[in-house]
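Visitor: Here it is, the structure in full.
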Amino acid sequence: MPLAQRRTPSAHSTPVVCASLFVGSACLPPVLGAVGGLRHPAVALVAYCALSAVVGLRARLRAVPFAALVCWLFYDGFVVHQQGELAWDGLVDACRLGLLAGASLLGTAVARAGQALGVPRGR
C-alpha cells in the first residue's frame, strides 16, 4: 500500500487526553488499594507513570504538561497525602512531576516515531 494511502490515527485533543487521564487516575487508587500498591508510594508512582505513557501514545505534544499535572494531582492527593488533600513537598514533588511528564513525553515520542516510520497502528 502506498505511503499516501496508509491510514494513521490522529492524536487526540488535549481536553480528551485530560479527560481520559482524569478517569484513569480516579480509577487507579482503588485498584492499587485492592492489590496493596498504596503501601509503597513508589509502586503507585510507577502505575501513574505507566498510565501517563499509555495515554501519551494518543496525545499531542502540547498535552504533556496537562497530563503530568492531572496524574500528579491524583497521586499527591490520594496516594501520598491520603484523603484527597494536596500539599507541595518541594523538590520531591518537582521530581514526581518530572517523572510523570517524562512518561507522557515518552509515550508521545514513541507514537510519533512509529508514525514517522510508517508502522501501522490499530484504531
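Values in this text are rule-based calculations from the coordinates and carry no lab data. These numbers were taken from a predicted model, which means no experiment stands behind them. Because the Cβ atoms are built from the backbone with ideal geometry, glycine has one as well, and the counts that use them run over all protein chains shown.
Visitor: Amide H to amide H under 5 Å from His12: which residues, 5+ apart in sequence or cross-chain, H placed 1.01 Å off N in plane?
Guide: Amide H neighbours of His12, under 5 Å, 5+ apart: Ala59, Arg60.
Visitor: Normalised by the residues of the chain, what does the relative contact order come to in percent, with Cα pairs under 8 Å and at least six apart?
Guide: 34
Visitor: Also, quick follow-up: Can you find, among Tyr48, Ala94, Ala11, the residue sitting farthest towards the positive end of the charge dipole of region 10-116, where Lys and Arg contribute +1 and Asp and Glu -1 at Cβ?
Guide: My answer, from the dipole projection, is Ala11.
Visitor: Charges only on Cβ, +1 for Lys and Arg, -1 for Asp and Glu: so what's the dipole of region 10-116 about the Cα centre, in debye to the nearest 20?
Guide: So the magnitude is around 420 debye.
Visitor: Taking the highest mean first, how do the peptides 24-36, 79-91, 99-111 order by number of other beta carbon atoms within 10 angstrom per residue?
Guide: The most tightly packed comes first, giving 99-111, 24-36, 79-91.
Visitor: Ordered by residue, what ³J(HN,Hα) values in Hz, to whole numbers, does region 33-44 give under the Karplus form 6.51 cos²θ - 1.76 cosθ + 1.60, where θ = phi - 60° and Gly and Pro are x?
Guide: x, 5, 9, x, x, 7, 6, 10, x, 5, 5, 5
Visitor: Can you list the equivalent-ellipsoid semi-axes of the chain, largest first and in whole Å, using the square root of 5 times each Cα gyration tensor eigenvalue?
Guide: Computed over the chain, the values are 30, 14, 12 Å.
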